[in-house]
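Following: one structure in structure tokens, then a few remarks.
What follows is calculated from the coordinates using simple rules that are stated; it is not laboratory data. Here the structure is a predicted model, which is why all the values come from computation and not from measurement. Using ideal geometry, Cβ is built from the backbone for each residue, glycine included, and neighbour counts are taken over all protein chains shown.
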Amino acid sequence: MKRVIGIGETILDVLFKDDVPVKAVPGGSTFNSMISLGRMGLNAAFISEVGNDRVGRMILDALRDSGVDASSVCSFADGKSPLSLAFLNSDNDAEYLFYKDYPNNRLDVEYPQINPDDIVIYGSYFVLNPVLRSKTKAFLEYAHERGAILYYDINFRKNHISERVKLGEALLENLEYADIVRGSCEDFENLYNMTDASRIYQEKIKFYCPNFIFTRGGGSVSLFTNAGTKEYAAAKVEVRSTVGAGDNFNAGVVYGLATDNVSLGELGSLSQSEWDRIIACALDFSSHACTLLDNYVDKEWAADYAAKHCCN
């Protein structure tokens, strides 16, 4: 079975409702995806960093408990594991505050072996951050040279809008490495003040990557490939939290690719029915995550879903 490797930040998410803390769970954009994929039974590994503290140990325990290889997660002593405060509004959408205390020397890890057609997930500020860029770029270059499928979740938050010009070169490099790009309406509004999916694809994505997935929160999903465009309706569920919605959408796409055993060479010629199944997985994962206060699919749901979608 192909391996899935994620690279990204770790954080402890503290969720608030009506300004009262209701739950604290290990998180991070790619981290959330990897926890869900580990629970689905995929061969998953994660590259990141944590503090040598109680929160860091919670994060490492969460990875191992979900079957994710954490051997490429470094532990730093000078600094503390970061925190995120997520304030849920009346629609259970989150507004964030972040608290970080990192050391000067970061991401001192040995990268895992990557084989052709493995899947690599990357995204958010972690792979744009100038402090880490030389190391994250080297990893993406390695994954690209090894023939992996690279999945890029842009995940550009509004607290980095003031840096978007400075980060532009790294963003374009990330797009060039990507074989699939996923971005939300909010991402492109923050980056380019654009919300029209077709225009974004034609002007900002297609030149670099032909496969683009545009999501609209709880709204519809647009898929763009060389074969054409298709719209998908999102399921209506009782939302408890949207914190892990996009991350689990990403996990569902990767799960669909992995269980269909899609190779890099086959990616450009997938049929519409094959894409339909992949996007269906993404919507299933995302919808389920929205019904939880955790950032990832729960183990019982994962076992039931995996039994119905056996890996090849």
- Task: Could you pull out every residue, at least 5 positions away or on a different chain, whose amide H is within less than 5 Å of the one on Tyr296? Hs are placed 1.01 Å off N in the peptide plane, and Pro or chain starts have none.
- Result: none
- Message: Under the rule of at least 5 residues apart or a separate chain, name every residue whose amide H is placed under 5 Å from the amide H of Gly51.
- Response: Gly56, Phe76, Ser81
- Query: Stokes-Einstein at 20 °C, 1.002 mPa s, Kirkwood radius from Cα pairs: D for segment 119-178 in µm² s⁻¹?
  - Reply: 184
- Task: Please go through segment 1-68 and write out the chymotrypsin sites (Phe, Trp or Tyr not before Pro) that DSSP classes as loop and that have at most 11 other C-beta atoms within 10 Å.
- Result: none
- Radius 12 Å from Cβ of His144, net charge of other residues (Lys, Arg +1; Asp, Glu -1): -4
- Message: Through the Karplus equation 6.51 cos²θ - 1.76 cosθ + 1.60, θ set to phi - 60°, convert the phi angles of segment 60-71 into ³J(HN,Hα) values in whole Hz; use x for Gly and Pro.
- Response: 5, 4, 5, 4, 5, 5, 9, x, 9, 5, 10, 5
- Message: List the residues, sorted by chain then number, that are 5 or more residues from Phe16 or on another chain and whose placed amide H is less than 5 Å from its amide H.
- Response: Val22, Ala86, Phe87, Leu88
- Task: Sort segment 268-312 into rounded, prolate or oblate with this rule: let a ≥ b ≥ c be the square roots of the eigenvalues of the Cα gyration tensor; rounded if a/c is under 1.5, and if a/c is not under 1.5, prolate when a/b is larger than b/c, oblate otherwise.
- Result: oblate
- For segment 159-312, convex hull volume per residue from C-alpha positions, Å³: 120
- Note on the structure: So Asn159 and His309, fully extended at 0.36 nm per residue minus their Cα-Cα distance, gain in nm 50.2 nm
- Query: Given a Förster radius of 41 Å and the C-beta distance between Ala138 and Ala280 as r, what FRET efficiency does 1/(1 + (r/R0)^6) yield to the nearest 0.05?
  - Reply: 0.70
- Task: Give the Kirkwood hydrodynamic radius (Å, one decimal) of the chain, defined as one over the mean of 1/r across all pairs of different Cα atoms.
- Result: 19.3
- Find, among the trypsin sites (Lys or Arg not before Pro) in segment 200-230, those assigned to loop by DSSP (not H, G, I, E, B) with at most 14 other beta-carbon atoms within 10 angstrom. Arg216
- Residue-normalised 222 nm signal for the chain, counting each DSSP H run of n ≥ 4 as -39,500 (n - 2.57), nearest 500 deg cm²/dmol, is -10000 deg cm²/dmol
- Message: Once the cut-off is 18 Å, how many percent of the Cα-Cα pairs in segment 31-150 end up in the long-distance tail?
- Response: 59
